[in-house]
Amino acid sequence: MLWVDKYRPKTLDQVMVHEDIAQNLKKLVTEQDCPHLLFYGPSGSGKKTLIMALLRQIFGSSAEKVKVENRTWKIYAGSRTIELELTTLSSTNHIELSPSDVGFQDRYVVQEIIKDMAKSRPIDIKGRKGYKVLVLNEVDKLSREAQYSLRRTMEKYSASCRLILCCNSSSKVTEAIRSRCLNVRINSPSEEQIVKVLEFIGKKEGLQLPPGFAARIAEKSNRSLRRAILSFETCRVQQYPFTSNQAIPPMDWEEYVSEIASDIMREQSPKKLFQIRGKLYELLINCIPPEIILKRLLYELLKKLDEELKHEVSHWAAYYEHRMRLGQKAIFHLEAFVAKFMSIYKAFLIETFG
Amino acid sequence: MAPELQSSQPWVEKYRPKQVKDVAHQDEVVRVLTNTLETSNCPHMLFYGPPGTGKTTTALAIAHQLFGPELYKSRVLELNASDDRGINVVRTKIKDFAAVAVRSGQHGGAYPCPPYKIIILDEADSMTEDAQNALRRTMESYSKITRFFFLCNYISRIIEPLASRCAKFRFKPLSGEIVSNRILHICNEEGLSLDAEALSTLSSISQGDLRRAITYLQGAARLFGSTILSKDLLSVSGVIPQEFVDALYAACKSGDFDLANKEVNNVIAEGYPVSQMLVQLFDVVVEADDVSDEQKARICKSLAAADKCLVDGADEYLQLLDVASNTMQALCNMPQEFSYES
Ligand SMILES: Nc1ncnc2c1ncn2[C@@H]1O[C@H](COP(=O)(O)OP(=O)(O)O)[C@@H](O)[C@H]1O
Ligand SMILES: Nc1ncnc2c1ncn2[C@@H]1O[C@H](COP(=O)(O)OP(=O)(O)O)[C@@H](O)[C@H]1O
Ligand SMILES: [Mg+2]
Ligand SMILES: [Mg+2]
């Protein structure tokens, strides 16, 4: 088991960051009338961990006995039948799914599948009616239609079902949904908190950490706890005993983007653009999301640029990412950004150096 | 709506008025519907207005008061955006429901039980135009025995032929006073104490949306105990603490791009919604005395553009960085030599 899973705290009392939120969540579920919850915050900040611990708090250890299923639903949509496939993770009292996985048909998941799940009400051994919990991941990726469909379901079946929604970017969740939930913001842990977790894991694994080693990993983690723990484990695999100057390996794809940035700075020509296109494809094929590529590329370029160009370049990054969202082929927009950059930079060079 | 379950429902449901007369602030519609209860006359209705102002509440209340619990199921059809409301469903489901004749002489005891059925189309603005068109004919063919209630946020999304057949009622955002009264009522029932400052904070952050106000109140009560302070409410509402907004604004003023970038990164890492940051940044800019109108205009233009992009699903970091960069250029009177039109 990877350390990220092995050292994921199981209960609200065991968490090492967000302790205050964990204690608050505990209070929240003492009563039966807990509202719907929306967890939001950057990836790797600890949302999933808190949600899992919360389920355990509500339902006891049965919440951990989950089964993973690939299920197919047949949905009659007027004249045609649609088949939807989704992976669900469920225990007796809860079901977890990512409705956005089915793409543009996500509203059927909300209208048919989720509504069905929300309707039926679990009854406990003593015959009391309880409620079940539906965990929906990546709600920020749901289409508007699907989000609208969710609104009334959240009200209508609130006696039998609580929703726990999880997302990175709460700006993309409609106001209608946000106002029907208690919003729980999970911020990225600070570097000090990350160090604390790394040292804890180090101790459990019986490792000697040179001074400042954990701090260096934390610094490179971009405040993502997941990322910090993953690179800590990679370091362990690469070299142990640790040395104080041991390199913290960057992610492969990041190195690759960094090379692309250097390429662009070195030469601005159609030929180069063509080569870079191939490299961008390579990244996309390896399932690096295009907006992540664009942001990383911007990050690398900003490091190398004069103050006056930074404004312009970051504007175009925002511009092309937006276009990418509206369009369908990410590669076009990534390439357009690179081309735009080349032309700006070339003009700048000519103006400055003649 | 079964009463036995109420205690386990979130407060928004628990405190949903069950009778038309308890709907606050929407006097006109309450007057018309009170009349309906006496005379049983009811036109088709169109309720429109912002969220959390009582549209669904009012429609459900009148339906319950007209038919009572026994007949409710056979006389009232509630369809909302969580139901598939494509053309076919409109054609079949609504027709099937409308077509079954109302048996006369059916009595619901103390309830008026007028001789028609009610079809509530909640969130009607998310129906396609085609589906709305399909409804026209249904509405006409069954006009004697059905009454339609259309509920929506935006009246402009309801096609004219439907809208023109209805009595239209605009649901106004609730006034601060009304919100406060409802909230105090709930506090009373739940044994909470809320001081004057907290109460005014709550009505200002909920902006006339009572659903939001109640959700925040319950969140704060569960998280921070039965004495609720203004800051507890702010923390559950997602309002960004002013120091973050000020830090970003100061960074823009400094003219140092890297500093602004750092602040933007910080906002993202803290998980604050960028859409909310834009709102609060707007307030700071508009109120600043040392910023010229022209500078303000430049900044607001950029805020508006970013807001639109976010609605389209654009990346939060890139949009905020762009706003910060534009704000900096405006505040520091940097010329925009390059044109942003592509
Ligand atoms: N509160 C916490 N205390 C200690 N470790 C945590 C905590 N939250 C998360 N982690 C660690 O960080 C990893 C990533 O967290 P996760 O909850 O999956 O993040 P998210 O869902 O926000 O992307 C987890 O696998 C776990 O090892
Ligand atoms: N005018 C009102 N009078 C009393 N309570 C209201 C009013 N408007 C909203 N509420 C409260 O807010 C909640 C949401 O109202 P609802 O009628 O569902 O809003 P919408 O207008 O979005 O359909 C209700 O449960 C109720 O508690
Ligand atoms: Mg996650
Ligand atoms: Mg409503």
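Structure summary
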{"read-out": "Filter result (crowded, with 23+ Cβ neighbours inside 10 Å and either facing chain B (nearest Cβ under 7 Å) or touching a Gly at 6+ places or on another chain (Cβ under 8 Å) (or both)) within region A:187-199", "value": "A:S188, A:P189"}
{"read-out": "Cross-chain or 6+ apart pairs with Cβ under 7 Å, region B:35-46 first and under 13 Å from B:A63 (Cβ atoms), then surrounded by 13 or more Cβ atoms within 10 Å (Cβ to Cβ) and among the basic types (K, R)", "value": "B:C42/B:R147"}
{"read-out": "Verdict on A:C161 being more than 9 Å from chain B (Cβ to nearest Cβ), touching a helix residue (DSSP H, G or I) at 6+ places or on another chain (Cβ under 7 Å) and away from ligand 3 (no atom under 16 Å from the Cβ)", "value": "yes"}
{"read-out": "Positions within region B:252-292 being outside any helix (DSSP H, G or I), surrounded by fewer than 15 Cβ atoms within 10 Å (Cβ to Cβ) and within 30 Å of the chain's Cα centre (by Cα), in sequence order", "value": "none"}
{"read-out": "Filter pass, B:A330 being part of a helix (DSSP H, G or I), under 17 Å from A:A318 (Cβ atoms) and open to solvent by 20 Å² or more (accessible area, probe 1.4 Å)", "value": "no"}
{"read-out": "Residues (within 11 Å of chain A (Cβ to nearest Cβ) and within 9 Å of ligand 4 (Cβ to nearest atom)) located in region B:46-70", "value": "B:P51, B:G52, B:T56, B:T57"}
{"read-out": "Restricting region B:205-236 to residues that are buried (at least 21 other Cβ atoms within 10 Å of the Cβ) and polar (S, T, N, Q), the residue that is farthest from A:E175 (Cα to Cα)", "value": "B:Q218"}
{"read-out": "Among (1) more than 14 Å from chain A (Cβ to nearest Cβ); (2) charged (D, E, K, R); (3) open to solvent by 50 Å² or more (accessible area, probe 1.4 Å) - the single one B:K93 does not satisfy", "value": "(1)"}
{"read-out": "Some residue of region A:9-26 being polar (S, T, N, Q), more than 16 Å from ligand 2 (Cβ to nearest atom), open to solvent by 20 Å² or more (accessible area, probe 1.4 Å) and free of Cβ contacts under 8 Å to residues at least 24 places away in the same chain", "value": "yes"}
{"read-out": "Looking only at region B:14-28, and only at residues there that are in contact (Cβ under 8 Å) with a residue 40 or more places away in the chain and part of a loop (DSSP other than H, G, I, E, B), the one that is nearest to the other protein chains (Cβ to nearest Cβ)", "value": "B:R16"}
{"read-out": "Out of B:A324, B:A314, sole residue that is outside the structural domain of B:R211 (by the TED database), outside any helix (DSSP H, G or I) and surrounded by 23 or more Cβ atoms within 10 Å (Cβ to Cβ)", "value": "B:A314"}
{"read-out": "Pair list, Cβ < 6 Å and 6+ apart or interchain, from region A:271-295 residues that are closer than 22 Å to A:S43 by Cα to residues that are of a type in the set (D, E, K, R)", "value": "A:E291/A:E321; A:E291/B:D315; A:L294/A:E321"}
{"read-out": "All positions within region B:148-163 that are open to solvent by 70 Å² or more (accessible area, probe 1.4 Å) and not in a helix (DSSP H, G or I)", "value": "B:Y154"}
{"read-out": "Test result for B:Q295, within 16 Å of A:S170 (Cβ to Cβ) and in a helix (DSSP H, G or I)", "value": "no"}
{"read-out": "When residues of region A:22-73 are limited to those that are among the polar types (S, T, N, Q) and away from chain B (no Cβ under 14 Å), the one farthest from A:Q193 (Cα to Cα)", "value": "A:T72"}
{"read-out": "Per-region count, region B:218-253, residues in contact (Cβ under 8 Å) with a residue 60 or more places away in the chain and more than 10 Å from chain A (Cβ to nearest Cβ)", "value": "5"}
{"read-out": "Residue in region A:80-93 that is outside the structural domain of A:N222 (by the TED database), over 25 Å from B:I240 (Cβ atoms) and within 16 Å of ligand 3 (Cβ to nearest atom) present", "value": "yes"}
{"read-out": "Residue within region A:28-38 that is out of contact with any His (no Cβ under 6 Å at 6 or more places or on another chain), in a helix (DSSP H, G or I) and away from ligand 2 (no atom under 16 Å from the Cβ) present", "value": "yes"}
{"read-out": "Selected residue (criterion: most open to solvent (accessible area, probe 1.4 Å)) from residues of region A:39-71 that are within 14 Å of ligand 3 (Cβ to nearest atom), of a type in the set (S, T, Y) and not in a strand (DSSP E or B)", "value": "A:S43"}
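Here's the yes/no breakdown for (1) among the polar types (S, T, N, Q); (2) within 16 Å of B:P114 (Cα to Cα):
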{"position": "B:V20", "(1), (2)": "no, no"}
{"position": "B:A24", "(1), (2)": "no, no"}
{"position": "B:V29", "(1), (2)": "no, no"}
{"position": "B:L33", "(1), (2)": "no, yes"}
{"position": "B:L37", "(1), (2)": "no, yes"}
{"position": "B:H44", "(1), (2)": "no, yes"}
{"position": "B:G52", "(1), (2)": "no, no"}
{"position": "B:T58", "(1), (2)": "yes, no"}
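Conditions tested, residue by residue: (1) within 15 Å of ligand 2 (Cβ to nearest atom); (2) assigned to a helix (DSSP H, G or I); (3) surrounded by 20 or more Cβ atoms within 10 Å (Cβ to Cβ); (4) modelled with pLDDT of 90 or more.
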| site | (1), (2), (3), (4) |
| --- | --- |
| B:V12 | yes, yes, yes, yes |
| B:V30 | yes, yes, yes, yes |
| B:L33 | yes, yes, yes, yes |
| B:P43 | no, no, no, yes |
| B:F47 | yes, no, yes, yes |
| B:T58 | yes, yes, yes, yes |
| B:L66 | no, yes, yes, yes |
| B:R85 | no, no, yes, no |
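A quick yes/no check of all residues on (1) open to solvent by 20 Å² or more (accessible area, probe 1.4 Å); (2) in contact with an Asp or Glu (Cβ under 6 Å, 6 or more places away or on another chain); (3) within 12 Å of another protein chain (Cβ to nearest Cβ); (4) free of Cβ contacts under 8 Å to residues at least 12 places away in the same chain:
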residue	(1), (2), (3), (4)
A:T87	yes, no, no, no
A:L97	no, no, no, no
A:F104	yes, no, no, no
A:D116	yes, no, yes, yes
A:R121	yes, no, yes, no
A:E155	no, no, yes, no
A:K172	yes, yes, yes, no
A:C181	no, no, yes, no
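The values are calculated or read from the model by the stated rules, or taken from the named source; none is laboratory data. In this text, all values refer to a predicted model and were calculated from it rather than measured experimentally. We place every Cβ from the backbone using ideal geometry, glycine too, and count neighbours over all the protein chains shown. What goes into the accessible areas is simple: the full protein's heavy atoms, side chains included, and nothing from ligands, DNA or RNA. Shrake-Rupley method; radii C 1.70, N 1.55, O 1.52, S 1.80 Å.
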